[in-house]
Each structure stands twice: as C-alpha cells, then as structure tokens.
Amino acid sequence: MATAPRQGRKPARSTATRRGRSAARAAVADSRSTAASTAVASRDVTAPAASVAPTECSCALQGPLQIRDVTERAAELRQALAAGIRHIDLGGITVIDTAGLQLLVAVAREPAQNGGRVTLGNAGAVVMPAAAALGLDVVLAPLCTEAA
C-alpha cells in the first residue's frame with residue numbers, strides 16, 4: 001500500500017542543494033563585509049572624523065558633520081553644554097548635511113529652553129550656505145557671531 005505525500009510539506013532537498021545555497025549566502029556575506037571594510041577604509045583616508053575640541057568657554061567642531069557623525073557629535077556637544085560651554089566654533093567643519101544642521105538647531109534650542117543661549121562662530125564658509133539651501137538660515141543666523 002503506497003502512501004500519498006502529505007499536503008503542505010516541502011519536498012526534501014538534497015545535501016548538494018543545501019551546500020550550494022550555503023556557499024552562495026557565504027559569498028554574498030563575504031562581499032558585503034569586504035565592501036563595508038573598503039568603505040570604512042576609504043572614509044578614514046578621505047575624511048577625518050569630526051571632533052569636538054573644547055577650550056575654556058567654547059568648543060570647536062572639526063571635520064565632516066554628516067548623518068554618520070551626528071550620534072557621536074550629539075553626545076559630545078551635550079556633554080560640552082552640560083559643562084557650561086556656550087559658544088561653538090563651526091570654522092573647522094568641512095562638510096555638513098541636513099542631519100548636521102538639525103543637530104546644530106537642536107543643540108542651540110536646549111539651553112534656550114532653560115533661559116540660556118548658545119552662539120555659533122565661523123559659520124559662514126560651510127554651514128550657512130547649507131542652512132540657506134534648506135531655509136534654516138533664519139534659525140541659525142541669530143545665533144551666529146564673528147570668529148571667537
């Protein structure tokens with residue numbers, strides 16, 4: 001007496017088919033990790049990481065301020081604000097995107113909520129043209145001062 005195959009069950013795959021798929025998945029994962037390490041290496045060579053360099057009463061942002069840098073820079077800037085820093089020198093920023101501009105607006109608003117004020121210096125070369133393109137110049141311009 002022959003039994004009919006159960007409905008809804010997938011046919012058994014051969015070991016060779018499973019090995020072939022595993023090898024294909026491994027090759028894709030390897031190519032992704034190689035591409036990611038190449039991207040990290042090229043980023044390190046082409047663009048220095050942004051940094052926050054505090055001085056006595058101000059801090060200076062250096063390097064790019066883009067989406068990939070914002071989380072780290074936000075934490076650093078919030079620590080600087082908590083320490084009493086109220087002036088941020090933007091002259092060292094080499095490139096900025098929307099996320100970087102949003103960070104500057106957010107950082108400027110935090111002390112304002114408690115009656116304080118943050119000023120931005122040297123914003124003209126890179127920051128203000130990008131802000132103007134997005135309509136954020138009206139928000140950032142009142143905070144800007146001459147070079148500190």
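Quick notes on this one:
- Top-ranked residue in segment 97-148 [being surrounded by 14 or more Cβ atoms within 10 Å (Cβ to Cβ) and hydroxyl-bearing (Ser, Thr, Tyr); ranked as farthest from residue 68 (Cα to Cα)]: 119
- Here residue 38 meets the list (1) at pLDDT 85 or above; (2) not assigned by TED's automatic domain parsing to the domain that holds residue 135 almost entirely, failing just condition (1).
- The condition (being among the β-branched types (Val, Ile, Thr) and either outside the structural domain of residue 57 (by TED's automatic domain parsing) or closer than 20 Å to residue 57 by Cβ (or both)) is satisfied by just one residue among 139, 70, 127, 118: 118.
- Here residue 81 meets the list (1) within 19 Å of the chain's Cα centre (by Cα); (2) assigned to a helix (DSSP H, G or I); (3) surrounded by 14 or more Cβ atoms within 10 Å (Cβ to Cβ) almost entirely, failing just condition (1).
- Residues of segment 47-64 include at least one that is more than 25 Å from residue 116 (Cα to Cα), outside any helix (DSSP H, G or I) and modelled with pLDDT of 85 or more.
- Residue in segment 98-110 that is free of Cβ contacts under 8 Å to residues at least 12 places away in the same chain and at positive phi present: no
The values are calculated or read from the model by the stated rules, or taken from the named source; none is laboratory data. A quick note: this is a predicted structure, and the numbers were derived from the prediction, not measured. With ideal geometry, Cβ positions are generated from the backbone for all residues, glycine too; neighbour counts draw on all protein chains shown.
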